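The values are calculated or read from the model by the stated rules, or taken from the named source; none is laboratory data. Everything quoted here is computed from the prediction, not taken from an experiment. Heads up, the Cβs are rebuilt from the backbone with ideal geometry, glycines too, and the neighbour counts pull from every protein chain shown.
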Amino acid sequence: MTAAFVLVINMCIAGIFAVAFGVIAATNRMARGAAFMAAGYALGIVDVALEFLLPFQTDPTPVAVSIFVVFLLALSFCLIGISRHYRVPTPRGAMIAIWASALLLAPLAFSLPYGSPARGMIYQFSYCLMQGLAGVVILRSGRRQALDLLLMGMQFVAALLYLVKPVIGMLVGTAAAPQAYMATTYAAISQTMGAVTLVAVAMVLLLVMIRDATAEMTARSETDPLSSALNRRGFELHGESALAGGTRGVLVAADLDHFKQINDSYGHAAGDGVIAHFAALLQDAAPEGAIVGRVGGEEFAVLLPDALLSDGRLYAETVRGRFAAQQLPVLGVDRCFTASFGVAQAGRGDTLHDLLHRADAALYSAKAGGRNLVRVALGELPPLPAMGAA
């Protein structure tokens, strides 16, 4: 009766998580793998239902084999779901090898006396490998946040528990036949272990999916879709956070020259292409840790952490030179374009607004000086002579 009660709990738990993952899959396209997790837990319901059929079978072998296959299939779906969520290629080769060994060894396992340690070990070994493979997938993802480490550890612990079950069977005893399984103490212990594992793994995985979906939504809300740089809100949030940490930084303000003429002469599609191309140059030339944002229509800002004014000026000159030298024939544009830059050094107590104001003043100086120039904020460094002004 105790094992049957735990089985009912397991069925309810599997149903709850099947619905939970299904809702996530249906409402959030960013939740990769949720649909497979829902399928895996749904198969868990089928597996428990087959356990309840087993006592009523004259020949238990067909139902027992079905239980074995359905549960292994459930673990396979969960493994695919984890692989997709973590953006790791599904280990198809390893999965095929596990399935092949399981199907080859199944006749041997079911030919051995029921309840024998050898039968239990062979029966549980495929489950152990499939569950452990899920931990390997998380390990290969390279993600090491607390929830990821917890989920990975739980996968390995769950895998080891399958190998512990035959030992428990030896200690407490098992039934003489499959039909009497639910009446044993071993069944109650085994199903309780399964319930705890089922809840723990599913809860942590749900938390991982919610965390990642929230982070992705936040990133999307802070990203300009055209340039793939931060939008103004994102730039201000990350820039203020960097300056609040006491970093010594330089801000580079940039503005495309005569952008209205680009739109008027070549169309808005060409203008969008120029913006995207310029943003790519800014990001490619930026050092690691730089914060790149599109803060206006054709206006950009780049915060270079732990940099000097000379570093900012060199960066701006590099981007300016590359941009002025390149044409964009793919957009039907047969001419080069230019941009102007202003550079300012963060001082003690400077806010991002202060830094942007000084960099903008230097940018306006570059515009007034003929465009296609780099200027530094007044009072910080005398400007270099114009290079390739246009």
Review point. Restricting the range 231-258 to residues that are more than 14 Å from Val292 (Cβ to Cβ) and surrounded by 18 or more Cβ atoms within 10 Å (Cβ to Cβ), which is modelled with the lowest pLDDT?
Key: Leu243
Study note, to complete from the structure: Checked the range 284-310 for anything farther than 22 Å from Gln345 by Cβ and surrounded by 14 or more Cβ atoms within 10 Å (Cβ to Cβ); matches are Arg294, Glu298
Exercise for review: May I ask you to list the residues in the range 12-39 that are farther than 14 Å from Met209 by Cβ and crowded, with 19+ Cβ neighbours inside 10 Å?
Suggested key: Ile13, Ala14, Ala18, Ala39
Exercise for review: Identify all residues within the range 177-216 that are in contact with a Phe, Trp or Tyr (Cβ under 7 Å, 6 or more places away or on another chain) and free of Cβ contacts under 8 Å to residues at least 60 places away in the same chain; write none if there are none.
Suggested key: none
**Study point:** Residue count for the range 130-147, restricted to those that are assigned to a helix (DSSP H, G or I), farther than 19 Å from Val196 by Cα and not hydroxyl-bearing (Ser, Thr, Tyr)
**Key:** 7
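Does Leu103 satisfy the criteria of being over 19 Å from Gly40 (Cα atoms), in contact (Cβ under 8 Å) with a residue 60 or more places away in the chain, under 36 Å from the mean Cα position of the chain (by Cα) and in the same structural domain as Leu207 (by TED's automatic domain parsing)? I'd like the intermediate steps shown before the answer.
Working: over 19 Å from Gly40 (Cα atoms): yes; in contact (Cβ under 8 Å) with a residue 60 or more places away in the chain: no; under 36 Å from the mean Cα position of the chain (by Cα): yes; in the same structural domain as Leu207 (by TED's automatic domain parsing): yes.
It is false that Leu103 is over 19 Å from Gly40 (Cα atoms), in contact (Cβ under 8 Å) with a residue 60 or more places away in the chain, under 36 Å from the mean Cα position of the chain (by Cα) and in the same structural domain as Leu207 (by TED's automatic domain parsing).
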Exercise for review: Report the residue count in the range 306-327 for those that are at pLDDT below 90 and either under 14 Å from Ala279 (Cα atoms) or touching a Leu at 6+ places or on another chain (Cβ under 9 Å) (or both).
Suggested key: 1
Review point. If you check every pair at least six apart or on different chains, which have Cβ atoms under 8 Å apart with a residue in the range 114-137 that is assigned by TED's automatic domain parsing to the domain that holds Ser83 first and a residue that is among the basic types (Lys, Arg) and assigned to a helix (DSSP H, G or I) second?
Key: Gly120/Lys165; Gln124/Lys165
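So for the range 78-96 (the condition being assigned by TED's automatic domain parsing to the domain that holds Gly15, among the hydrophobic types (A, V, I, L, M, F, W, C) and over 30 Å from Ala213 (Cβ atoms)), does at least one residue qualify? Working first, answer last.
Looking only at the range 78-96, we keep the residues that are assigned by TED's automatic domain parsing to the domain that holds Gly15, and these are 78-96.
Next, only the ones that are among the hydrophobic types (A, V, I, L, M, F, W, C) stay: 78-80, 82, 88, 94-96.
Of the ones still in play, those that are also over 30 Å from Ala213 (Cβ atoms) are 96.
Looking for residues that are assigned by TED's automatic domain parsing to the domain that holds Gly15, among the hydrophobic types (A, V, I, L, M, F, W, C) and over 30 Å from Ala213 (Cβ atoms), one finds at least one in the range 78-96, hence yes.
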Check your understanding: Going by the structure shown, is Val69 more than 19 Å from the chain's Cα centre (by Cα) and under 25 Å from Thr185 (Cβ atoms)?
Key -> no
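For residues that are part of a helix (DSSP H, G or I) and at pLDDT below 85, scanning just the range 159-179, find the one that is farthest from Leu75 (Cα to Cα). It would help to see each step written out before you state the result.
First, the residues of the range 159-179 that are part of a helix (DSSP H, G or I): 159-172, 178-179.
Filter once more, keeping what is at pLDDT below 85: 178-179.
Numbers: Pro178: 22, Gln179: 24 Å.
Here the residue is Gln179.
Looking at Ala159, Ala183, Ala200 in this structure, which one is farther than 17 Å from Asp47 by Cα, buried (at least 19 other Cβ atoms within 10 Å of the Cβ) and not basic (Lys, Arg)? Steps first, please.
On the way: Ala183 fails: buried (at least 19 other Cβ atoms within 10 Å of the Cβ); Ala200 fails: buried (at least 19 other Cβ atoms within 10 Å of the Cβ).
Residue meeting the stated conditions: Ala159.
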Point to revise | Within the range 243-341, strands (runs of 3 or more DSSP E) holding 3 or more residues that are among the aliphatic types (A, V, I, L, M), closer than 18 Å to Asp354 by Cα and touching a residue at least 24 places away in the same chain (Cβ under 8 Å) | key: 250-256, 299-304
Exercise for review: Go through the residues of the range 7-30 one by one and say whether even a single one is free of Cβ contacts under 8 Å to residues at least 40 places away in the same chain, in the same structural domain as Ile82 (by TED's automatic domain parsing) and assigned to a loop (DSSP other than H, G, I, E, B).
Suggested key: yes
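Right, Leu171: without any contact (Cβ under 8 Å) to a residue 24 or more places away in the chain and either closer than 28 Å to Phe52 by Cβ or surrounded by fewer than 21 Cβ atoms within 10 Å (Cβ to Cβ) (or both) or not?
In short, yes.
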**Study point:** Residues within the range 209-225 that are buried (at least 17 other Cβ atoms within 10 Å of the Cβ) and hydrophobic (A, V, I, L, M, F, W, C), tallied
**Key:** 2
Exercise for review: Take the range 50-89 and flag every residue that is of a type in the set (Ser, Thr, Tyr) and either at positive phi or touching a residue at least 40 places away in the same chain (Cβ under 8 Å) (or both).
Suggested key: Thr61, Ser76, Ser83, Tyr86
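Go through Gly135, Gly153 for me and flag whichever is farther than 21 Å from Val69 by Cβ, buried (at least 19 other Cβ atoms within 10 Å of the Cβ) and within 38 Å of the chain's Cα centre (by Cα). Full working, then the answer.
On the way: Gly153 fails: buried (at least 19 other Cβ atoms within 10 Å of the Cβ).
Just one listed residue meets the conditions, Gly135.
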